[in-house]
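Asks: Before we start, here is the structure in question, set down as structure tokens.
The values are calculated or read from the model by the stated rules, or taken from the named source; none is laboratory data. All values derive from a computational prediction rather than experimental measurement. In this analysis, Cβ positions are derived from the backbone assuming ideal geometry, glycine residues included, and neighbour counts consider all displayed protein chains.
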Amino acid sequence: MSYVDPFSHIPRELMLLRHAKSDWGSDASTDFARPLAKRGRADAPRVGSWLYREGLVPDYILSSPAERARQTTVKVCKALEANTRDICWDEAIYEAGVAQLLEVLARCPARARLVLLVGHNPGLEELVRYLAGDDLEEPANGKVLPTAAVARIEMPEDWSQLERGCGQLIGITRPKALPD
């Protein structure tokens, strides 16, 4: 008798969150160490609160450990009432392109149904384009994921088998569209 996953009927979803606005004027010694700007420190918890209100509490969280992504992830997790000790900090996300991000996603646990990945452009925008394929309408300004924007993509069953166009774009929410 073969095993049937009781959760296989529940769709998988990937939420891609670009880090919130960073402080280019900071005295950070490296790009990796650049912190959030005032606006970023305000936007990140707003995004987390919106996710919580929408019932979008991830069961697996991946984040770049770069300072601005780390601060974004922690603020979002606090608003989600998620345990920050459960965050998977993955250096491969920092400066990653599509191929590296697909490798990161392939390491997601098989039971992960709702995954939040916090990272950087241009990699996240490239990943949205790759997964959504023709579902994605390019904005006039070309910015698919401005800072603190969340792309929601319905995903196939296997995190390690992600072909171009395999996802169904649910939507992209930008912080300017969120209530204060």
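Asks: Of all residues being outside any strand (DSSP E or B) and in contact (Cβ under 8 Å) with a residue 60 or more places away in the chain in the range 163-178, which is surrounded by the fewest Cβ atoms within 10 Å (Cβ to Cβ)? Just the residue, please.
Replies: L178
Asks: Moving on. Tell me the residue from R113, R68 that is buried (at least 23 other Cβ atoms within 10 Å of the Cβ) and either among the basic types (K, R) or modelled with pLDDT under 95 (or both), please. Even if it seems obvious, please write down each step before you answer.
Replies: Working: R113 fails: buried (at least 23 other Cβ atoms within 10 Å of the Cβ).
Just a single option satisfies the conditions, and that option is R68.
Asks: Tell me whether the range 148-162 contains one or more residues that are assigned to a helix (DSSP H, G or I) and either under 23 Å from P11 (Cα atoms) or at pLDDT 95 or above (or both).
Replies: no
Asks: If I filter the range 82-110 down to residues being among the charged types (D, E, K, R) and touching a strand residue (DSSP E or B) at 6+ places or on another chain (Cβ under 7 Å), which single residue comes out as modelled with the highest pLDDT?
Replies: D90
Asks: Same structure again: Pairs needed: first member in the range 102-119, in contact (Cβ under 8 Å) with a residue 24 or more places away in the chain; second member anywhere, surrounded by fewer than 18 Cβ atoms within 10 Å (Cβ to Cβ) and assigned to a helix (DSSP H, G or I); C-beta distance under 8 Å; at least 6 residues apart or different chains.
Replies: V104/A92
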